[in-house]
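Everything on this sheet refers to the single structure shown next.
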2 protein chains.
Amino acid sequence: MNPIAKELNEVIQNGNPNLMSMMSDVGKNLFFPKGILSQSAEAREKAHKINATIGIAKEGNATMALPSVMANISGLPAEQSLTYAPSFGIPGLRAVWKDAIYEKNPSLAGKEISLPVVTNGITHGISIFADVWVDPGDVVILPDMFWGNYNMILNVRKQATIKHFKIFTEAGGYNTAAFEERVKEEAAKNDKIIVLLNFPQNPTGYTLTVDEADRIVQILTEVAESGTHVIAVADDAYFGLFFEDNVLKESIFARLSGIHPRLLAVKLDGATKESYVWGLRVGFITYGCTIDTDAEKVYDALARKTAGGVRGNISNASHLSQSIVLESMKSEAFAAEKEEKYKILEARAKKVKKVLADPKYQDAWDVYPFNSGYFMCIRLKTVKAETLRVHLLDKYGVGLIALGDTDLRVAFSCLEESDVQLLFDTVFQGIADLS
Amino acid sequence: MNPIAKELNEVIQNGNPNLMSMMSDVGKNLFFPKGILSQSAEAREKAHKINATIGIAKEGNATMALPSVMANISGLPAEQSLTYAPSFGIPGLRAVWKDAIYEKNPSLAGKEISLPVVTNGITHGISIFADVWVDPGDVVILPDMFWGNYNMILNVRKQATIKHFKIFTEAGGYNTAAFEERVKEEAAKNDKIIVLLNFPQNPTGYTLTVDEADRIVQILTEVAESGTHVIAVADDAYFGLFFEDNVLKESIFARLSGIHPRLLAVKLDGATKESYVWGLRVGFITYGCTIDTDAEKVYDALARKTAGGVRGNISNASHLSQSIVLESMKSEAFAAEKEEKYKILEARAKKVKKVLADPKYQDAWDVYPFNSGYFMCIRLKTVKAETLRVHLLDKYGVGLIALGDTDLRVAFSCLEESDVQLLFDTVFQGIADLS
């Protein structure tokens, strides 16, 4: 094992030995190298005469750049766009994002969390999380409706075992009883369980109510108390798009951070959907846990392992993307711009609710609970989802996603409010055609 | 195993069964999902009325975007910058890059290679390559001077065993004898060996002469012929920056592609250094091998596994970055712009050679062979590299990288031609100070 990895492990072990029990073998071996990187950092500070440490090309004291490249970048010099960003992410963005996490999550007041490490989008956040914390065979608990790529990231690439529970009760709420049963069953069989909590959820568009969130927190605390290590991962990709009053409008990460020594809370989020910049690939990993020693030092050690994982996987995320996200967040118009887009999406969600309240649809489908995010799903009662999907596409030019035998996913994020009625009436007609 | 993965494995097995023998366990399980992605692709084509499949937000038929984000992007609409790029990379860039590979590598004429898959820079190319082709314990052969991050990517994250050989002969050429000895020793002990060939090399700035390249190709062919599977990976990060006449001015990938059924050639390259866009993170993975059946179909299967790995790790690389690189490559000025920058770097390399020819330095250091790339190294004869590095930084404000006990790396890529003499005289003075 590299001596720097050993040092980091000791810092973490002293801060909370449970963290080392939860860490993967890869995670234990990860470190952030000194060598060239720290020598370059020293040179940046002290090499006022000649700095020949830099692994990029310079010209007349500026970053070398092709005019045909700079033509598509506006207002950001090559130093903020074309040079390498640190594996940790650019410092300004990490600081601004951390501040924003506190603002968006009132329950974090008084709790210490780590400085976020930048990832290449939230998928990459899950993947790097898995490198540091998931060993082959580890159990990850997910609902039975879930984003398919979790399987590729966690099972195919990392050989985790995924266990499911039924997401909703018949009454139309989150199935905390099924969650509890599955979590406690796995906790009885394993020293460590990983629970992936994704709200607003893909594909259902569901976010926990405050009561349901309280119950989830209680269950996970009981499991940690009973002796099993719990890693609770919040995938907050769609954070902020909450459209009803009774839902939890902060990340469950805020409630889970620092509540039990055997519980590590991990927040995976990003500008991807929060700033409407999907293809720019800017995500973050943030930790919240109980630490007996200097929290800053332990969080720094966790960040170094995490950034070491980033370095050994992609070196760093796009500097240009990070700068664009940072500049946007710092602009005066940012809050108002976000609010405007939120209102548009909220109006669509409410319109979907209103249209679907029509009793004429009730023999054709059930509506899965939804209150947030980009998506909602219906469960067809009389025709197969794939058959209907193909029929709607071929006959009406209407595109929806079929999930399994009975479910259709509707992305109202890309649906004009004025098309909502027409959409569901077309689905209804399509079912009639096939009956 | 997922049925799509099985199908891909069969296609590859039929095309060349050796490829399946070389593939990692993760690689065998990788696939590119149909499900939501292929349903969305169908909808893009047919959903002329309403398309509610898309996992982004739209507004009035365009991509939703914050003005504060678009402020830093010039000449590219949100559709070419903010939407998700495919996991494979954007089609236009893949096609242009493939054409450019043929142009830059005359020996590929008449050989079929795969359509490149886009990665988040070349580090990510190595990492995704390793996901698909490297099992824990597999042997990777590298010279004794090498880029440190190979260790993090291949050993720490993927548990490969790295074996070294002495890079240069005393006479100052590439040590093909040491290479042969190490390769054949490992081939005798393993069913599969992985050889990582990085030219122009980091940190030495060395590229093989044509004769040395011929010898490497011969050795690897002999090993494949003798029954061991060989994966020869060309890390062409610094491709094109060749500053002397006798060096191999194409990728060794071109010579290794399709020459033996038990030899898989993999090309990892990128716009990173070729287009001076380090922080944009645009790299590529390309395969070249012997295929008995329809090459296009087998390469497509390999690309699907590779892009499945990308999807399960980062989803996709920055769309904005890919569009910028593509627009630049398509611009009329591109070739001339690149030539201009090449000339600047070439002049620096030649100046370094000229300055170092001065016999006054010969008691202070030896110069490692170099003829290409960003870097060159010297081996100190009388003082420790780290001691000298710190002294030069503190006393003269001159920054260099210390490697091991005796070596200093000079990045002439970021050094003005007019500073070269001063730099080496300062190093010389620093050594005198310490003696």
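The table below gives the values:
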{"read-out": "Subset of the range B:324-337 that is in contact (Cβ under 8 Å) with a residue 60 or more places away in the chain and within 7 Å of chain A (Cβ to nearest Cβ) - its residue that is farthest from residue B:92 (Cα to Cα)", "value": "B:324"}
{"read-out": "Set B:104, B:166, B:58: member being among the basic types (Lys, Arg) and not assigned by TED's automatic domain parsing to the domain that holds residue B:321", "value": "B:58"}
{"read-out": "Candidates B:140, B:118, B:134 - the one that is in the same structural domain as residue B:204 (by TED's automatic domain parsing), farther than 17 Å from residue B:310 by Cα and not basic (Lys, Arg)", "value": "B:140"}
{"read-out": "The range B:155-183, residues that are assigned to a helix (DSSP H, G or I) and touching a residue at least 40 places away in the same chain (Cβ under 8 Å)", "value": "B:176, B:179, B:182, B:183"}
{"read-out": "Only one of A:121, A:125 that is over 15 Å from residue A:321 (Cα atoms) and among the small types (Gly, Ala, Ser)", "value": "A:125"}
{"read-out": "Members of the range B:81-138 found to be assigned to a loop (DSSP other than H, G, I, E, B) and small (Gly, Ala, Ser), listed by number", "value": "B:81, B:85, B:87, B:89, B:109, B:110, B:114, B:121, B:137"}
{"read-out": "Failed condition for residue A:432, given (1) surrounded by fewer than 16 Cβ atoms within 10 Å (Cβ to Cβ); (2) not in a helix (DSSP H, G or I)", "value": "(2)"}
{"read-out": "Residue among B:424, B:412 that is facing chain A (nearest Cβ under 9 Å) and touching a strand residue (DSSP E or B) at 6+ places or on another chain (Cβ under 9 Å)", "value": "B:412"}
{"read-out": "Within the range A:41-69, tally of residues that are in a helix (DSSP H, G or I) and more than 7 Å from chain B (Cβ to nearest Cβ)", "value": "3"}
{"read-out": "Members of the range B:361-402 found to be assigned to a helix (DSSP H, G or I) and more than 14 Å from chain A (Cβ to nearest Cβ), listed by number", "value": "B:361"}
{"read-out": "Neighbours by Cβ (under 8 Å, 6+ apart or cross-chain): first from the range A:340-355, in contact (Cβ under 8 Å) with a residue 40 or more places away in the chain and within 11 Å of residue A:243 (Cβ to Cβ); second surrounded by 15 or more Cβ atoms within 10 Å (Cβ to Cβ) and small (Gly, Ala, Ser)", "value": "A:342/A:240; A:345/A:413; A:345/B:57; A:348/A:413; A:349/A:205; A:349/A:372"}
{"read-out": "Qualifying positions in the range A:219-246 - of a type in the set (Asp, Glu) and surrounded by 17 or more Cβ atoms within 10 Å (Cβ to Cβ)", "value": "A:235, A:236"}
{"read-out": "Only listed residue being among the polar types (S, T, N, Q), within 11 Å of chain A (Cβ to nearest Cβ) and surrounded by fewer than 22 Cβ atoms within 10 Å (Cβ to Cβ), chosen from B:81, B:21, B:74, B:87", "value": "B:74"}
{"read-out": "All positions within the range A:203-241 that are closer than 14 Å to residue A:168 by Cα and either in a loop (DSSP other than H, G, I, E, B) or modelled with pLDDT under 95 (or both)", "value": "A:203, A:204, A:205, A:206, A:207, A:208"}
{"read-out": "Scan of the range A:357-392 for residues that are over 27 Å from the mean Cα position of the chain (by Cα), of a type in the set (A, V, I, L, M, F, W, C) and either surrounded by fewer than 17 Cβ atoms within 10 Å (Cβ to Cβ) or under 16 Å from residue A:203 (Cβ atoms) (or both), ordered by number", "value": "A:357, A:365, A:380, A:385, A:390"}
{"read-out": "Qualifying residues in the range B:303-321 (those that are of a type outside the set (Gly, Ala, Ser) and within 17 Å of the chain's Cα centre (by Cα)) - the one farthest from the other protein chains (Cβ to nearest Cβ)", "value": "B:306"}
{"read-out": "Filter pass, residue A:108 being in contact with a Phe, Trp or Tyr (Cβ under 8 Å, 6 or more places away or on another chain), under 29 Å from residue B:419 (Cβ atoms) and touching a residue at least 60 places away in the same chain (Cβ under 8 Å)", "value": "no"}
{"read-out": "Matching residues in the range B:281-291 - criterion: being assigned to a strand (DSSP E or B) and either of a type in the set (Ser, Thr, Tyr) or within 10 Å of chain A (Cβ to nearest Cβ) (or both)", "value": "B:283, B:286, B:287"}
{"read-out": "Scope the range B:239-297; condition out of contact with any strand residue (DSSP E or B) (no Cβ under 7 Å at 6 or more places or on another chain), aliphatic (A, V, I, L, M) and closer than 23 Å to residue B:340 by Cβ; matching residues", "value": "B:271, B:277, B:280"}
{"read-out": "Residues of the range B:103-139 satisfying the condition of being touching a Lys or Arg at 6+ places or on another chain (Cβ under 7 Å) and aliphatic (A, V, I, L, M)", "value": "B:115, B:118, B:130, B:132, B:134, B:139"}
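Quick grid of which residues meet (1) touching a residue at least 12 places away in the same chain (Cβ under 8 Å); (2) over 21 Å from residue A:63 (Cα atoms); (3) part of a strand (DSSP E or B); (4) of a type in the set (Asp, Glu):
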site: B:267; (1), (2), (3), (4): yes, yes, yes, no
site: B:279; (1), (2), (3), (4): no, no, no, no
site: B:293; (1), (2), (3), (4): yes, yes, no, no
site: B:297; (1), (2), (3), (4): yes, yes, no, no
site: B:302; (1), (2), (3), (4): yes, yes, no, no
site: B:307; (1), (2), (3), (4): yes, yes, no, no
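Okay, residues lined up against (1) among the aromatic types (Phe, Trp, Tyr); (2) modelled with pLDDT of 95 or more; (3) under 25 Å from residue B:295 (Cα atoms):
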{"position": "B:79", "(1), (2), (3)": "no, yes, no"}
{"position": "B:88", "(1), (2), (3)": "yes, yes, yes"}
{"position": "B:99", "(1), (2), (3)": "no, yes, yes"}
{"position": "B:106", "(1), (2), (3)": "no, yes, yes"}
{"position": "B:112", "(1), (2), (3)": "no, yes, yes"}
{"position": "B:120", "(1), (2), (3)": "no, yes, no"}
{"position": "B:148", "(1), (2), (3)": "no, no, no"}
{"position": "B:154", "(1), (2), (3)": "no, yes, no"}
{"position": "B:167", "(1), (2), (3)": "no, yes, no"}
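The values are calculated or read from the model by the stated rules, or taken from the named source; none is laboratory data. Nothing here was measured: the structure is a model prediction, and the numbers come from that model. Positions of Cβ are backbone-derived with ideal geometry, glycine not excepted, and every protein chain shown enters the neighbour counts.
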